[in-house]
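The next block holds one structure in the form of structure tokens; read it before the comments.
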Amino acid sequence: ILKFLKGGSVTVKQHRKALRLCEKYGLQVDGSFIFGTPGETKEDIRKTLNLVEDPVIKNVMFFQLTPLPASAIWDYALKRGLVSEDMDWNKLDAYVGNPDLPYMNKAMSREEFMEMVPEIVEAYRNCNYSRGQLKIKWRYLLSPGLIRRFLSNWRGFSQEFWLRLKKKYFN
């Protein structure tokens, strides 16, 4: 997966070594992980989730591989007819499990991937909530971007907010 995404410039072994060095020197580590890469299998997803469990990683962000214009992934998807210049750009929301996002992995069907989404979401919640990462930052809460996001999807946003509060303070 890293060969596809990073051209072979980095390995899992190097990532693990970097985590140990960050731990040794007391650096906080946040991780960003992408799912849905061509060639990715269920086993690969579970290996990624295993890496996420490393206690050095304090906060994670999960994304589904998204073909953004002018990127190599866009060119890959364009050649396969999965995107076009006149498509609905709202479909390019990178949240894991977005049913409208072009799916590029032939090694696993979209249905199989969607079956894995609850496991991915649970790993996200376990990492971010169990490690005490819920911190209220008022400047963030009052930011125009967050307020727009809240107003456009208040039901989903409020459900997630209450879920975080419940896990943080009532479990």
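Figures for the structure shown
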quantity	calculated
Single residue of region 131-147 satisfying the filter (surrounded by 11 or more Cβ atoms within 10 Å (Cβ to Cβ), out of contact with any helix residue (DSSP H, G or I) (no Cβ under 8 Å at 6 or more places or on another chain) and assigned to a helix (DSSP H, G or I)) that is modelled with the lowest pLDDT	Leu141
Counted residues, region 87-107 - those being under 15 Å from Glu40 (Cβ atoms), surrounded by 11 or more Cβ atoms within 10 Å (Cβ to Cβ) and either more than 18 Å from the chain's Cα centre (by Cα) or of a type in the set (S, T, N, Q) (or both)	2
Residue pairs meeting the criteria (Cβ under 6 Å; at least 6 apart or on separate chains; first touching a residue at least 12 places away in the same chain (Cβ under 8 Å), in region 69-93; second assigned to a helix (DSSP H, G or I) and surrounded by 13 or more Cβ atoms within 10 Å (Cβ to Cβ))	Val83/Ala77
Test set (1) over 19 Å from the mean Cα position of the chain (by Cα); (2) among the hydrophobic types (A, V, I, L, M, F, W, C); (3) at pLDDT below 90 - Val60 fails condition number	(1)
Hey, Asp30 touching a helix residue (DSSP H, G or I) at 6+ places or on another chain (Cβ under 6 Å), open to solvent by 50 Å² or more (accessible area, probe 1.4 Å) and of a type outside the set (Val, Ile, Thr) or not	no
Some residue of region 31-41 being at positive phi and either touching a Lys or Arg at 6+ places or on another chain (Cβ under 7 Å) or not in a strand (DSSP E or B) (or both)	yes
Residue match in region 7-21 (condition: crowded, with 16+ Cβ neighbours inside 10 Å and at pLDDT 90 or above)	yes
Cβ-Cβ under 9 Å pairs, at least 6 apart or on other chains, region 46-57 side in contact (Cβ under 8 Å) with a residue 24 or more places away in the chain, far side among the basic types (Lys, Arg) and surrounded by fewer than 14 Cβ atoms within 10 Å (Cβ to Cβ)	Leu51/Arg16; Asp54/Arg16; Pro55/Arg131; Val56/Arg20; Ile57/Arg131
Inter-residue pairs, beta-carbon under 7 Å, first more than 17 Å from Ile73 (Cα to Cα) and in region 98-112, second in a loop (DSSP other than H, G, I, E, B), 6+ apart	Met108/Glu40; Met108/Thr41; Arg110/Tyr103
Residue in region 66-85 that is touching a helix residue (DSSP H, G or I) at 6+ places or on another chain (Cβ under 8 Å), surrounded by fewer than 16 Cβ atoms within 10 Å (Cβ to Cβ) and either among the aromatic types (Phe, Trp, Tyr) or at pLDDT below 90 (or both) present	yes
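Okay, residues lined up against (1) under 30 Å from Lys24 (Cβ atoms); (2) out of contact with any His (no Cβ under 6 Å at 6 or more places or on another chain); (3) among the polar types (S, T, N, Q):
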site: Val52; (1), (2), (3): yes, yes, no
site: Val60; (1), (2), (3): yes, yes, no
site: Gln64; (1), (2), (3): no, yes, yes
site: Pro69; (1), (2), (3): no, yes, no
site: Trp74; (1), (2), (3): no, yes, no
site: Lys79; (1), (2), (3): no, yes, no
site: Met104; (1), (2), (3): no, yes, no
site: Phe113; (1), (2), (3): no, yes, no
site: Ala123; (1), (2), (3): yes, yes, no
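The values are calculated or read from the model by the stated rules, or taken from the named source; none is laboratory data. Values in this document were obtained by computation on a predicted structure and should not be read as measured data. Cβ atoms come from the backbone with ideal geometry, glycine included; neighbour counts cover every protein chain shown. Protein only, heavy atoms only, side chains kept; ligands, DNA and RNA dropped before computing areas. Shrake-Rupley method; radii C 1.70, N 1.55, O 1.52, S 1.80 Å.
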